[in-house]
Amino acid sequence: MKAQFVNGTLGRLYLSLYVPENQSGDWVICFPPFAEEMNKSRKMMSGFARKLADTGFAVAIPDLYGTGDSEGDFSDARWELWVSDYLNLLEWLTAKEHRRIHFWGIRLGCLLALEVASRFERNPDSFLFWQAVINGNLSMTQFLRLRMAATMMSGQKETVNDLRKKLLHEGKLEVAGYTLSHELLNSIDSLSMPDSNIAGDSVVNWYEITSNTDKPLPLPTRKIIDQWKAIGVEVTVRPIVGDQFWQTQEISEVPELIDNSLASLKDLQSPGESGLEGLRDLIFPEVNHEIPVQISCKNEILSAIHHGSESETSKGVLIVVGGPQYRVGSHRQFVQLSRALAASGFPVLRFDYRGMGDSTGSFSGFEDISEDINCAIDSFQRINPTVQEIIIWGLCDAATAASIYAHKDNRVTGLILLNPWVRNEQTEAKAYIKHYYVKRVLNKNFWHKLFSGKFKIMNSIKSLISLLNKSRGKRSDESPGSVQMSLADQMEMGFSLFKGKALLFLSGNDLTAAEFDDTVSVSKSFSELLMDERFTIERVTDADHTFSRREWKSIVESKSGAWINAI
């Protein structure tokens, strides 16, 4: 994979290019899903792109303006801007010679692919759709419900209509960490697949993820397909059993979807080979000292972004990514953090470890990424020879991994850890009882549901009994006589051996942070250790696990920068 920045309409765009040695002359252009769905889908996207390249296809995956690693803020993103950037990209790719082009859309990206196709000088040779969104208004309603769910946890009540009115009045609205503009909402609201100007000679391979291949397609989808077939569009629909990878809690893959999609495109592939003349015309200088980096690690390649600073410094920040995400982070928090720290004078490197995001290899768990961190630090120092002190910044399980690794590498002098992951079945059950059930009983909405008959009390009683049993017993994955050291014990040992300093951020509204607090509170040795002057604990009231609001992210960014400067 070759990564680079290219000129866009308003700012430079991050472009992932998967270029085979022997190309058939076919290009596959990816139209990614919307907002957090792109974060969750990245592993599937890069995995399919590599398979395509192995088969002779060249693949281009651009990050839209205001998304991923590209310039701009999501609040400034516009549908027309995205269309314009794609049209420019297509002109670059076809400038030297005629190439067969296939449009690959994922979720809302399918509607974007159709919009771009209707304005391009020629029809794509085929469309490949993964779980197509067919109605923009419905998609935005579902997106706004993420805001509703978040505010309900704090006792507020907001309807979708309330949010739409607020967006109209204020112009922008924060949803799940993304600042959505009224202009972007309006544009997407107006989109409908039945209204798309698809050419009658188009070829469409449409894949639907389902739990049962015998289950019929949704009626709106069937109507669209029938409508297209009636005007001569060649539509092939294939149901695939698998997880909804764009929204699963953990990173999920659907190998059957990749294999079937590859077979569909191979049936349309050009015979013979052609070169990639003109590809060098896509190369542009780095953007604001941000450059793509490839790191070699155990015969695999890790994808990374380096953020340079204007001043020379002995301190550099390595962002280790945790959870089901890649180097961009949920709601682009790692992109924003990196740019803020670089602006404060500290170079930053953020990367995907093996088996995550755009990196190659298999993911074996966050407990096994020490070699990845070591290779990333080696690469970081090659880029910045003056950097002698590494501060590792990590969230959730990445925070735990960093705390276990730090004492083994004398280049690491500081740790910034957010909501460290110390979970096991027993601590999870205890935290859930203490921090969820108690709050629920004190919430007036709970009693309203109970007395109105809407609350299924027997289900809750069974759930509570199960949690109580887990909180008193051993972990379910622990065999009799097991002496496996818990994550909390590993973290405590790592802290005790680490000679540097650490800054811990704990969210006020997060079960993971609550578990960490509870685990420390019942351990005298761990509690005393964190009282040492080497450790600083910052609590962000009401913040959720990923600090999704701009105000919470700003607190983390400013205090991280100030702390690094002070140590």
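The values are calculated or read from the model by the stated rules, or taken from the named source; none is laboratory data. Since the structure is predicted, the reported quantities are computational estimates derived from the model, not experimental observations. Every residue, glycine as well, gets a Cβ built from its backbone with ideal geometry; the counts of neighbours run over all protein chains shown. Surface accessibility is based on the protein's heavy atoms, side chains included, excluding ligands, DNA and RNA. Shrake-Rupley method; radii C 1.70, N 1.55, O 1.52, S 1.80 Å.
Okay, here's what the table says:
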{"read-out": "Charge-dipole axis of the range 135-276 as Lys and Arg at +1 and Asp and Glu at -1 on Cβ define it, positive-most pick from I198, L173, G232", "value": "L173"}
{"read-out": "Leading residue at positive end of dipole, the range 105-172 (Cβ point charges), from L114, L163, Q142", "value": "L163"}
{"read-out": "The range 79-184: relative contact order in percent, alpha carbon pairs under 8 Å with at least 6 residues between", "value": "19 percent"}
{"read-out": "Projected label distance in nm at N7 and S521, using a 7 Å step from Cα toward the beta-carbon", "value": "5.9 nm"}
{"read-out": "Two-site FRET efficiency, S558 against D73, from Cβ-Cβ distance with R₀ of 22 Å, rounded to 0.05", "value": "0.80"}
{"read-out": "Solvent exposure of the range 509-567 as accessible area per residue, Å², 1.4 Å probe", "value": "51 Å²"}
{"read-out": "Nearest-0.05 FRET efficiency for A343 and L497, computed from C-beta distance (R0 30 Å)", "value": "0.35"}
{"read-out": "Percent accessible area from carbon and sulfur atoms, the range 1-152, protein chains only, probe 1.4 Å", "value": "46 percent"}
{"read-out": "Pairwise FRET efficiency - E21 versus D195, Cβ, R0 = 41 Å, nearest 0.05", "value": "0.45"}
{"read-out": "Antiparallel content of DSSP bridges confined to the range 1-62, in %, to 5", "value": "75 percent"}
{"read-out": "For the range 92-154: relative contact order, % (alpha-carbon pairs under 8 angstrom, 6 or more apart)", "value": "34 percent"}
{"read-out": "Where the range 1-55 is the region considered: accessible area per residue in Å², 1.4 Å probe", "value": "28 Å²"}
{"read-out": "Rounded to the nearest 20 debye, dipole of the range 190-259 from Cβ charges on Lys, Arg, Asp, Glu", "value": "340 debye"}
{"read-out": "Label point distance in nm, H169-D368, each placed 7 Å from Cα along Cα→Cβ", "value": "5.4 nm"}
{"read-out": "Where the range 133-278 is the region considered: accessible area per residue in Å², 1.4 Å probe", "value": "53 Å²"}
{"read-out": "The range 1-150, relative contact order [Cα under 8 Å, separation at least 6], %", "value": "25 percent"}
{"read-out": "Ranked packing of 310-319, 213-222, 188-197, most packed first, by mean Cβ within 10 Å", "value": "310-319, 188-197, 213-222"}
